[in-house]
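Undergrad: Following this message is one structure expressed as structure tokens.
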Amino acid sequence: MKVFSGVLAERVLLRLSGLLVCVFSSTAQADLPDIVQAIRPSVVAVGTWQNTRTPRFVFMGTGFVVGDGSLIATNAHVKSAQPLNTDQMEMLVIIVPGRDGGREAAPREVLRVASDELHDLALLKLKSGLPLSALPLNDVPVREGQSVGLLGYPLGGALGLYPAVQQGIVATVSPIAIPAPSASRLDSSVVRRIADGAYSIYQLDIVARPGNSGSPVFDVSSGKIFGVVSFGMVRQVREGGLSGPTGITYAIPVEHLQRLIREQP
């Protein structure tokens, strides 16, 4: 009887331990504030820096750290927003979030190393210094209805360099370009996109704003990055025939970014 009681008690303890592990894991995966705090130090502001002007930093968009920690992913249209005035010592830089909620004191210079105009993606590389913490990229299929978040700098030039988080779901996965019902309504950018090769994008029920371009889109249960917000280019192609904005946000699947990273020497 004592042996039986001991075995039974051991089984009960094992089951309770298993339940506690499951509850803890589920809670940890669902804790969005913890995931945001882990991602936040790797989400940077992209812009230009010139010591002789006011303001010295001009904000262009959002980026995030990938690869070996020396690479910054952003949109191609952010990277090429304006040419650098090298005669006036203008530099392309990133601003890394500070621990106090603001930003680090000094910018870090980056170089343009790769661009994929078709998928509106670009890679920047730290010119010098220690690498940053790279974010994990998604390796599982994305499903419609999946809970997601994005972290970036909406209206960063006006609201300050404070990363802001937004949460929503993947509304649908659909082609980037949809042919118009008649040839007279075909936009030139849509025609070019169809000719270059249509690909799928993620439509999110999150309202992105200028400055969110280049923001990472992440799964709220794992923190893995599965998309890159494209505020301008994709919207122009997707909604070119509409008379007004829809408030829909589109993201480029991370598989295209992974390919761009693999191509780096």
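Undergrad: Any idea what the dipole of region 38-126 comes to, in debye rounded to 20, about its Cα centre with Lys/Arg Cβ at +1 and Asp/Glu Cβ at -1?
TA: So the magnitude is around 260 debye.
Undergrad: Right, next: At a 10 angstrom cut-off on C-beta neighbours, averaged per residue, how do the peptides 45-55, 216-226, 200-210 rank from highest to lowest?
TA: 216-226, 200-210, 45-55
Undergrad: Enumerate the amide H contacts of Leu155 below 5 Å, restricted to partners 5 or more residues apart or on another chain; note that Pro and chain-start residues carry no placed amide H.
TA: Correct list: Gly211, Asn212.
Undergrad: If I take every Cα pair under 8 Å that is 6 or more residues apart in region 38-126, average their sequence separation and divide by the length, what percent do I get for the relative contact order?
TA: 30
Undergrad: Follow-up question, since we're still on this one. Which order do the peptides 64-76, 133-145, 157-169 come out in when sorted by mean C-beta neighbours inside 10 angstrom, highest first?
TA: Top of the packing list down: 64-76, 157-169, 133-145.
Undergrad: Also: First check a/c for region 38-126, with a ≥ b ≥ c the square roots of the eigenvalues of its C-alpha gyration tensor; if it is under 1.5, answer rounded, and if not, answer prolate when a/b is larger than b/c or oblate otherwise.
TA: Verdict is oblate for region 38-126.
None of the figures in this text is laboratory data; all of them are computed from the coordinates on show. All values reported here derive from a predicted model rather than from experimental measurement. So basically every Cβ, Gly included, is an ideal-geometry build from the backbone, and we count neighbours across all protein chains shown.
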